[in-house]
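Okay, so here's the structure we're looking at.
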Amino acid sequence: MAARLFPVVKFVIKGGLAGAAVYVAYDQGLLGSGTQGAEALRKAQEALPPAIQEWTSYVGWELPPIPKIDFSPSDSWNKGVQTVISALSVAPTRACEYTVEGWKYVKDLVK
């Protein structure tokens, strides 16, 4: 009985943790727009250093200071979108160029 119940309990626990992670991400605004994500990142950057400092003092470890990172998710997202759209816009032209080059190569091989 226990052998059949263990996989079910394991699945329920994993599903609950995954659901909780999605809920927390949604609640903090990580699944929203870029500005909501940037705001969530700013809040995390403010809250994490004191929490890590408290935890390391409790455990007794000393960590090096946290580097300052200037990162904007919305700028990175926009850059990624621009790169993908640019690649898609030149794809038909590049496909034609590569097809012509391929036919020339095959013709040279057949000669």
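For the stretch 31-38, the count of residues that are closer than 25 Å to Leu63 by Cβ and outside the structural domain of Val81 (by the TED database) is zero.
Okay, residues lined up against (1) modelled with pLDDT of 85 or more; (2) open to solvent by less than 90 Å² (accessible area, probe 1.4 Å):
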{"site": "Val9", "(1), (2)": "yes, yes"}
{"site": "Gly15", "(1), (2)": "yes, yes"}
{"site": "Gly29", "(1), (2)": "no, yes"}
{"site": "Ala38", "(1), (2)": "no, yes"}
{"site": "Trp55", "(1), (2)": "no, no"}
{"site": "Tyr58", "(1), (2)": "no, no"}
{"site": "Ser89", "(1), (2)": "yes, yes"}
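Condition check for Ala25 on (1) open to solvent by less than 80 Å² (accessible area, probe 1.4 Å); (2) assigned to a loop (DSSP other than H, G, I, E, B): one failure, at (2).
The values are calculated or read from the model by the stated rules, or taken from the named source; none is laboratory data. All of these numbers come straight from a predicted model, not from anything done at the bench. Quick reminder, even Gly has a Cβ in these numbers, built from the backbone with ideal geometry, and neighbours come from all protein chains shown. For the accessible areas, the whole protein counts, side chains as well, though only heavy atoms, and no ligand, DNA or RNA atoms are used. Shrake-Rupley method; radii C 1.70, N 1.55, O 1.52, S 1.80 Å.
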